[in-house]
Amino acid sequence: MLTQKTADRVQARPEARSLVYVGGGSGHGEILRLMSPSDLGEQLKPFVFLDLFAGDMRLLQHAMPLHPHSGIATVTVFTEGDVIYDDPQAGTGTLGFGGVEWMRAGGGVWHGKELTAGESARIQGYQLWVALPPGLENGPVESQYVEANATPQAGPARVILGSHAGATSPVRSPDGIVYLLVQLVPGERWSFKPAAGHRVGWFAVAKGAVDAGRTVKRGQMAIFADGEDAMLFEADASDGATFVVGAAVPHDHPLFLGYYSVHTSAEALAAGEQRIAELGARLAEAGDRRTGSGNVPVFR
């Protein structure tokens, strides 16, 4: 039987969510696919895709062709190095640690050449796909570029999407989503309490290691049990940790998948793919630059 003193300690300690999955990425080189719409994305929707990428941006920008999307928003955040963005509709500048590219594909878009190498020899970052709700999945395309000094911070967390601890991201993302970039010094402990209704929860480690009930290392992703309890993290005692955390209201819609598209119905997917084909034909008429190098504007 608990003594009153022990019971008081137990009640004062925040309930922590347990992990139900820890896994590594698959891929080649330093590009790791951690989540796809056909596997973990079904469990974690609206989060449906996650890549951890790294390398020399001068090589990556040549390897990445122009490609289409519809029905989703892509969120690229940098955890090391810097890149240059150049988009006639959104401006030009530099994205460094904590900088964000938000690209709401909506009804259809081609992109992939708006980012080029900056001053750093190496970059690292995450690309996340967010499944859009029915009201936005075939809507207008929108791009935002948020430089590091404009990304709000709350304690050790930079707020990439949504709001946390009084800080709100300038990214115009749908309601019900929070996405954070967290950097902890060696041995540091941090607790994240999601908002009411944000029952989906996960994190992925870019550097170091994190103990969240189980040890999660660089290149791994972990999923929390469904719920609203706090997520507790402790950084590796030697190296600290850099990681991203996602929490959201569950996306209460099925996923209909194209090659680069995710929609909530067969009809919405067909509309998105038709728009992609129309834009592709216009792009071809303008001159096939899909294997070229350098900045090519987002083709809306």
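Details
- Accessible-area composition of the range 129-181, carbon plus sulfur, in percent [1.4 Å probe]: 50
- Virtual spin-label span in nm between GLU42 and ARG214, 7 Å along Cα→Cβ: 2.0
- Between ARG33 and ALA286, the modelled labels are 2.8 nm apart [label points 7 Å from Cα along Cα→Cβ].
- Using C-alpha pairs below 8 Å separated by at least 6 residues, the relative contact order for the chain is 23 percent.
- Whole-Å distance, taken between Cα centres, linking the range 76-127 and the range 187-265: 22
- Per residue, the accessible area of the range 133-193 comes to 45 Å², computed with a 1.4 Å probe over protein heavy atoms only.
- Between helix 266-286 and the chain: long-axis angle, C-alpha atoms, 0 to 90°, nearest 10: 50
- Normalised by the number of residues in the range 66-202, the mean separation of alpha-carbon contacts (under 8 Å, six or more apart) gives a relative contact order of 24 percent.
- Helical runs assigned H by DSSP (4 residues or longer) give the chain a calculated mean residue ellipticity at 222 nm of -4000 deg cm²/dmol, each run adding -39500 (n - 2.57) before division by the residue total.
- Long-range lysine pairs (8 or more apart or interchain), the chain, Cα under 29 Å: 9
- Within the accessible area of the range 50-110 (1.4 Å probe), percent carbon and sulfur: 59
- Computed label-point distance, nm, for sites HIS67 and SER163 using a 7 Å Cα→Cβ extension: 3.5
The values are calculated or read from the model by the stated rules, or taken from the named source; none is laboratory data. Keep in mind that what you see is a predicted model, and the values were worked out from it rather than measured. Positions of Cβ are backbone-derived with ideal geometry, glycine not excepted, and every protein chain shown enters the neighbour counts. Heavy atoms of the whole protein, side chains included, go into the accessibility calculation; ligands, DNA and RNA do not. Shrake-Rupley method; radii C 1.70, N 1.55, O 1.52, S 1.80 Å.
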